[in-house]
Amino acid sequence: MTQPTKSNRKLLIILIAGSIGMFGFGFALVPLYDVLCDTLGINGKTQNSASSYEAVVVDKNRTVTIEFVTQVQSGMPWEFSPKVNQISVHPGELTHAQFLVKNLSTRDTVGQAIPSVSPGQGAAYFNKTECFCFNQQPLAAAATAELPLIFYVDPDLPASINTLTLSYTLYDITDRQTIVIEQGASK
């Protein structure tokens, strides 16, 4: 076999360096995406823990429409919907909402809801003091439940935003843990 020529070695080094660079860029995309979304205000992520509600001046002169949208992971045997599809609130006002779930299967299952708010800039002003999305939701076979949401819209919400859409996607996480259903049955 012949020795690789100088140009072949150079090409091999360039290809290896390019592959390593592309691999590193792939890892850098996630934090770059998060920074870009935060900068542009397009990610719609809400907080993962409860906000504390301190009495603020309620802006009775302004009304914000909150729309609720729900969906269930494909193949998950649950029905999931808000009790009402939209409500009007005054910024600063503590508001209660309810969501309904029903397990359509013949086995105990566990769901986890993931929220998002649009427009994304509004997510920073939507504060949940209590939310079913903070916890996993075990549900016995054929059972139903009401899931609570207590929230307020920060009075500093930009005047250009008159409607916030809170969207929940419910995922089946039964296979990822051992569950205990309220009736005391263990899996």
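The values are calculated or read from the model by the stated rules, or taken from the named source; none is laboratory data. A quick note: this is a predicted structure, and the numbers were derived from the prediction, not measured. FYI the Cβ positions are ideal-geometry reconstructions off the backbone, even for glycines, and counts take in every protein chain you see. What goes into the accessible areas is simple: the full protein's heavy atoms, side chains included, and nothing from ligands, DNA or RNA. Shrake-Rupley method; radii C 1.70, N 1.55, O 1.52, S 1.80 Å.
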Q.
Among the residues that make up the stretch 128-151, is at least one of them open to solvent by 20 Å² or more (accessible area, probe 1.4 Å) and touching a His at 6+ places or on another chain (Cβ under 8 Å)?
A. yes
Q. When the stretch 62-76 is examined, which residues are found to be open to solvent by 50 Å² or more (accessible area, probe 1.4 Å) and either at pLDDT below 95 or within 17 Å of the chain's Cα centre (by Cα) (or both)?
A. E67, V69, Q71, Q73, S74, G75
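Sort out for me the strands (runs of 3 or more DSSP E) sitting completely within the stretch 76-187 that have 1 or more residues that are out of contact with any Pro (no Cβ under 9 Å at 6 or more places or on another chain) and under 21 Å from V57 (Cα atoms).
On the way: elements: 78-82, 86-89, 95-103, 109-118, 126-131, 137-139, 144-153, 163-172.
Qualifying strands (runs of 3 or more DSSP E): 86-89, 95-103, 126-131, 144-153.
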Q) Just to be sure, is E79 of a type in the set (D, E), open to solvent by 70 Å² or more (accessible area, probe 1.4 Å) and modelled with pLDDT of 95 or more? A) yes
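Taking the conditions exactly as written (loosely packed, with under 10 Cβ neighbours inside 10 Å, touching a helix residue (DSSP H, G or I) at 6+ places or on another chain (Cβ under 8 Å) and modelled with pLDDT under 90), does S7 satisfy them or not? It would help to see each step written out before you state the result.
Numbers: loosely packed, with under 10 Cβ neighbours inside 10 Å: yes; touching a helix residue (DSSP H, G or I) at 6+ places or on another chain (Cβ under 8 Å): no; modelled with pLDDT under 90: yes.
Judged against the criteria, S7 is not a match.
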Q: Read through the list (1) within 28 Å of D175 (Cα to Cα); (2) under 16 Å from the mean Cα position of the chain (by Cα); (3) crowded, with 21+ Cβ neighbours inside 10 Å, then give the number of the only condition that T109 fails.
A: (2)
